[in-house]
Amino acid sequence: MAVYPPKQAKEPPLLERGPIAWVRHNLLSSPFNIIFTLLGIAILYMIIPPFVKWAILDAHFVGNSKADCAGGGACWIFIRAKLNMFLYGFYPHDQLWRPKVVIGTILALGAFAKFVPGLHRLKLALIVLYPVFAFILLHGGLFGLPLVETAKWGGLLLTLVIATVGIVLSFPIGILLALGRQSKLPIIKSLSVFYIEFVRGVPLITVLFMASVVLPLFFPEGVNFDKLARALIGITLFEAAYVAENIRSGFQAIPKGQYEAADALGLGYWQKMALVILPQAIKVTIPNLVGTFISLFKDTSLVMIIGLFDLLSMVTVTANDRDWLGMDTEGYVFAAFIFWIFTFSMSMYSKRLEKKLNTDKGK
Amino acid sequence: MPSFLRDEKVRGILYQIITIVLFVGFLFYIAQNTAHNIEQRGIKTGFDFLNATAGFDITESPIPFTPKSTHWDVFKVGLLNTLIVSFWGIVLSSLIGLLIGVWRLSPNWLISRIAAGYIETFRNIPVLLQILFWYNVVLATLPATRHSINLFDTVFINNRGFFMPEFVFGPGSWLIGAALFFAVVAIYFVNRWAKKRQEDTGEQFPVFLTGVILLILLPLLAYFLAGRPITAVYPELHGFNFKGGKTYTPEFLALLFALSIYTATFIGEAIRSGIEAVPKGQKEAATSLGLSPLQQLRLVVLPQAVRIAIPSIINQYLNLIKNSSLAAAIGYPELVTIFAGTSLNQTGQALEILLITMLTYLLISLIVSLILNWFNAKMKIKER
């Protein structure tokens, strides 16, 4: 009987696997594709080398004054010299430990919430207590802390304060508005619809003008909101309408059977909504909500127009310093980079969440 | 709890009564305070200020405007400038967005990554920052007037803006417009005839080619027949500035570029998700029907992608219009800058002016959403 010893399987042809095949398929598959690849290389060549040259190779990192930044290239000394202003605005120098503690605490709380399982009551209590704690520490005037008026808050700190307060407060208002819009009661429904559509139809800047100029007229003379509070009211009321629309789109994804099941269990309206409908609706719409919060974060830069000193307006302020004239470029690039890190990580988070929540689609 | 309170209907009515009472009470409270405060501060009320002289000048205005014009004229100039910058913004952002969206889907890995990089970079930076960057950095560092960048002696670029030739339509220009109109009508009828013929006989007619030829040839013919009535006025350097031609100010350009580049990222994403939403089977079915790649795109993929992409693109146009109000930061004289800014500071009538401004934007939004609804109704899948 003939014996046929099994032969070693042949390696696939070199050109059909590995990096070479990848390049052939993705970059050089047709003459047209080759032209595109060359075009892409040309674009990258026009953008990346000059930027790297400006931002790193020719840049100045060491020194203390503008004089150390002779020649082309970015002057990162400027950013280092003004870093405290970019981060905290005009917050008094000797009190900077306070915002640092506030930011450190929120990071610690976040880590605690993520890595320590259970203890839900304690976590909830901490979440509720944190804003009070943060406000007292930042604003002072109590427990022997010197008073730091909100007009002195600025930079990234102010941007984060506005974004956080905006997100936290617009969420419950948005839920109420969404419930109102879903409601069967005609008056409540039409008021909600009117509010949502009105706010969504106008630019944020007009709402901020309204809040900063007209709002003080609405209240008796004794009542005074400071500038920051008015901006916060404006932003919160504005974003609440967008949150409401996100949640409404979540409602639309809930099958009718869920409502009927909740009714059959004998749950009242608020129980039905809070225990059955809202948790599902919010889960469905979390990616949209993150999208809204990303645009809220970007929109905080508009407070500059009504005279608050957020991260973006600190660029103008610091670049007008007589010792550092003409540093706009570095300032804007730095601010853009900071904004970008925050919004980009938020959108990455939303993408991951979308994949995680998308449990029923076998993709 | 009394038994009638357990009735859902009674409770519904009760809730609504409470809401109305609270709402009306709140309005009344605000109105009373406002009236009192306005009287205390000596602010005028009513809309008479619209007929009062504005007393300031506007740097760029599409209609004649002098310091003697009224605040109503200020409103008109502002609205027109808003519409102008929005129009060009929509055109430019659509072009960039289309390019980016197509590149994003390109089978070429490098091109697709470049498009993704563009989208992720510009989408995540606040548009106000981009506007300020264009205004304070890019356009401000352009050369001075005397050292303008000269493109073929027709376009001059310097730190005072872009100077371009302006076209002057002489007598007889109407003939060209008429020819253009006639070409469009002719294309419509050719298209109808070609469709009918294809349905009857199966023979195809090169409609697209005919259309392009008609669209170019007819106006060109009219241009020469009317004795070449369109002439261009070129900008020329006189002393310290350019005269003649059309000037685009740095304010306008910064706003236009920043808005277009920012909005294009969203349009690109909308186009990508629209095309990606068309199931793969559709393309395969089209291939098995023997359609060429171009026919597949035109007859199968695009009609389905458009239904998904267009609504979000229209929403982005609306966002662009609303974002044009950020011009307040750099002083391009649009609605918010001059009407809700300068006029407000001059008259002090914040409530009236902001109300008019908001209602104007609301009206624009309403028109856009009417267009959107019309489109959605037209594009709805007609089940037979």
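Numbers for the structure displayed
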read-out	value
Subset of the stretch B:243-290 (residues that are in contact with a Pro (Cβ under 7 Å, 6 or more places away or on another chain) and of a type in the set (Val, Ile, Thr))	none
Residue that is surrounded by the most Cβ atoms within 10 Å (Cβ to Cβ), among those in the stretch A:182-208 that are facing chain B (nearest Cβ under 8 Å) and under 21 Å from residue A:272 (Cα atoms)	A:188
Residue list for the stretch B:349-372, restricted to those being modelled with pLDDT under 85 and either of a type in the set (S, T, N, Q) or surrounded by fewer than 15 Cβ atoms within 10 Å (Cβ to Cβ) (or both)	B:349
Single match in B:129, B:110, B:98 (criterion: under 19 Å from the mean Cα position of the chain (by Cα) and either part of a helix (DSSP H, G or I) or at the interface with chain A (Cβ under 10 Å from one of its Cβ atoms) (or both))	B:98
Filtered residue count, the stretch A:137-177, keeping only those that are of a type in the set (Val, Ile, Thr) and surrounded by fewer than 15 Cβ atoms within 10 Å (Cβ to Cβ)	1
Members of the stretch B:213-252 that are in contact with a Gly (Cβ under 7 Å, 6 or more places away or on another chain) and free of Cβ contacts under 8 Å to residues at least 60 places away in the same chain	B:226, B:227, B:236
Which listed residue is at the interface with chain A (Cβ under 10 Å from one of its Cβ atoms), among the β-branched types (Val, Ile, Thr) and touching a Phe, Trp or Tyr at 6+ places or on another chain (Cβ under 7 Å), from B:342, B:357	B:357
Criterion violated by residue A:128 - all others in (1) of a type in the set (A, V, I, L, M, F, W, C); (2) in contact (Cβ under 8 Å) with a residue 24 or more places away in the chain; (3) loosely packed, with under 12 Cβ neighbours inside 10 Å satisfied	(2)
Matching residues, the stretch A:177-206, being hydroxyl-bearing (Ser, Thr, Tyr) and more than 24 Å from the chain's Cα centre (by Cα)	A:183, A:190, A:192, A:195
Residue count for the stretch B:317-339, restricted to those that are more than 8 Å from every other protein chain (Cβ to nearest Cβ) and among the charged types (D, E, K, R)	1
Which numbered condition residue A:335 fails, given (1) at the interface with chain B (Cβ under 9 Å from one of its Cβ atoms); (2) over 19 Å from residue A:159 (Cα atoms); (3) modelled with pLDDT of 85 or more	(2)
Count of the stretch B:14-73 residues which are touching a residue at least 60 places away in the same chain (Cβ under 8 Å), of a type in the set (Ser, Thr, Tyr) and part of a helix (DSSP H, G or I)	1
Hits in the stretch A:48-57 - residues which are within 12 Å of chain B (Cβ to nearest Cβ) and surrounded by fewer than 12 Cβ atoms within 10 Å (Cβ to Cβ)	A:48
Residue within the stretch A:153-160 that is away from chain B (no Cβ under 14 Å), within 22 Å of residue A:301 (Cβ to Cβ), touching a helix residue (DSSP H, G or I) at 6+ places or on another chain (Cβ under 8 Å) and among the aromatic types (Phe, Trp, Tyr) present	yes
Those strands (runs of 3 or more DSSP E) lying entirely in the stretch B:141-252 with at least 2 residues more than 30 Å from residue B:329 (Cα to Cα) and not assigned by TED's automatic domain parsing to the domain that holds residue B:83	B:166-169, B:230-233, B:236-238
Residues (within 8 Å of chain B (Cβ to nearest Cβ) and among the hydrophobic types (A, V, I, L, M, F, W, C)) located in the stretch A:209-230	A:209, A:210, A:213, A:214, A:217, A:218, A:219
Residue in the stretch A:231-242 that is surrounded by 15 or more Cβ atoms within 10 Å (Cβ to Cβ), modelled with pLDDT under 85 and either assigned to a helix (DSSP H, G or I) or away from chain B (no Cβ under 13 Å) (or both) present	no
Residue that is assigned by TED's automatic domain parsing to the domain that holds residue B:362, buried (at least 22 other Cβ atoms within 10 Å of the Cβ) and free of Cβ contacts under 8 Å to residues at least 40 places away in the same chain, where the choices are B:81, B:108	B:108
Lone unmet requirement of (1) within 11 Å of chain A (Cβ to nearest Cβ); (2) surrounded by 13 or more Cβ atoms within 10 Å (Cβ to Cβ); (3) of a type outside the set (Lys, Arg) for residue B:74	(1)
Residue count for the stretch A:281-325, restricted to those that are modelled with pLDDT of 85 or more, in a helix (DSSP H, G or I) and of a type in the set (D, E, K, R)	2
Number of the exception - residue B:116 against (1) among the small types (Gly, Ala, Ser); (2) surrounded by fewer than 20 Cβ atoms within 10 Å (Cβ to Cβ); (3) within 11 Å of another protein chain (Cβ to nearest Cβ)	(3)
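Each row is one residue, and each column tells you yes or no for (1) within 19 Å of residue B:132 (Cβ to Cβ); (2) at pLDDT 80 or above; (3) of a type outside the set (Ser, Thr, Tyr).
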position	(1), (2), (3)
B:222	no, no, yes
B:228	no, no, yes
B:231	no, no, no
B:239	no, no, yes
B:244	no, no, yes
B:248	yes, yes, no
B:252	yes, yes, yes
B:260	yes, yes, no
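The values are calculated or read from the model by the stated rules, or taken from the named source; none is laboratory data. Owing to the predicted nature of the structure, the values given are computational and were not obtained by experimental measurement. When we count neighbours, we look across all protein chains shown, and the Cβ atoms used for this are built from the backbone with ideal geometry, even at glycine.
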